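Data first, discussion second: the structure below is written as structure tokens.
Read-outs throughout are calculated quantities, based only on the coordinates presented, and are distinct from any laboratory measurement. Bear in mind the structure is a predicted one, so any value in this text is a computation, not a measurement. Please note: Cβ atoms are built from the backbone with ideal geometry, for glycine as well, and neighbour counts cover all protein chains shown.
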Amino acid sequence: MQMVKRIVGGFFLSLLLLWLFAPKVELYYALEKQLKEKSILISNETISDTWYGLKIENADLSVDGAKIATISQLNFNIFFFYNTLKINDVKMDKSLSNMAPKEINSVNAVYSIINPLKIQLDANGSFGVMNGEVALLDRKVALLFPVTKEIKTIKKFLKKDKEKGWIYETSY
């Protein structure tokens, strides 16, 4: 019985130490390399390794060489069974003022082992409030805007639902 306790305890201690001392910054650079292959570039960022994730500050987001947005802060929290991404203060580039919301105050993305085929999304900004999900297996994105403010710029992409509000759906 003691031997089983030591083996199980050693296993969980190894997992805990692996989680705490994992090379999270190198994993971020691997992600950045994958994004670069799709012409998405994150630059000028300051990266900090935390005990349970990564903190990225003052990042510029570019797609196909055109600056899209400036992101004040990104927090990746990596817990094996419950992972979160929190993005704060996204300022869109002025050249996109007729296609995108001016600013996004916060975006929360949650991936949980309880529902492993979906990523839950919540956001608020100049457009109002947004709730949604990304269905990984079906490769679909569904966003619901129950409380809207300034949606003139994105209204052409949305469908009106009488009960729920405005809905955006797409496949990737």
Item to check | Structure-derived P(r) over Cα pairs in 10 Å bins from 0, in percent - corresponding label in (1) 9, 34, 36, 18, 3, 0; (2) 9, 28, 36, 17, 7, 3, 1; (3) 9, 34, 40, 14, 3, 0, 0 | outcome: (2)
Item to check | Cross-link table K86/K162; K67/K155; K118/K160, entries beyond 28 Å C-alpha to C-alpha | outcome: K86/K162
Checklist entry - What is the extension gain from E163 to D89, computed as 0.36 nm multiplied by their sequence separation minus the C-alpha to C-alpha distance, in nm to one decimal? => result 23.7 nm
Checklist entry - Considering the Cα trace of the stretch 1-96, what is its radius of gyration and what is Dmax, both in angstroms? => result 18.0, 67
Checklist outcome for this item: Quick calc: nm separation of the 7 Å Cα→Cβ label points for E26 and F12 -> 2.8 nm
Next on the checklist: Order these by the 10 Å Cβ neighbour count, fewest first: Y168, Y29.
Outcome noted: Y29, Y168
Checklist entry - In nm, what is the difference between 0.36 nm times the number of residues separating Q120 and E150 and their Cα-Cα distance? => result 8.5 nm
Checklist entry - Roughly how big is the chain's charge dipole about its Cα centre, with Cβ charges of +1 (Lys, Arg) and -1 (Asp, Glu), in debye to the nearest 20? => result 440 debye
Next on the checklist: Just to be sure I understand: with springs between alpha-carbon atoms less than 10 Å apart, which residue in I71, I113, I104 has the highest mean-square fluctuation in the Gaussian network model of the chain?
Outcome noted: I113
Next on the checklist: Among A109, T170, S39, whose Cα projects farthest towards the positive end of the dipole of the chain, with charges put on the beta-carbon of Lys, Arg (+1) and Asp, Glu (-1)?
Outcome noted: T170
Checklist outcome for this item: Applied in sequence order to the stretch 73-86, the curve 6.51 cos²θ - 1.76 cosθ + 1.60 (Karplus, θ = phi - 60°) yields integer Hz couplings, x standing for Gly and Pro, of 7, 10, 10, 9, 10, 10, 10, 3, 9, 8, 10, 10, 10, 10
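Which length gain, in nm to one decimal place, applies between K55 and N105 when the Cα-Cα distance is subtracted from 0.36 nm times their residue separation?
Contour length minus Cα-Cα distance gives 16.3 nm.
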Checklist entry - Between S72 and M1, how many nm apart are label points set 7 Å from Cα along the C-beta direction? => result 5.6 nm
Checklist entry - Against the longest alpha carbon principal axis of the chain, how many degrees, from 0 to 90 and to the nearest 10, is the axis of helix 2-20 turned? => result 40 degrees
Item to check | Ranked by how many other beta carbons lie within 10 Å on average, peptides 82-92, 146-156 from highest | outcome: 82-92, 146-156
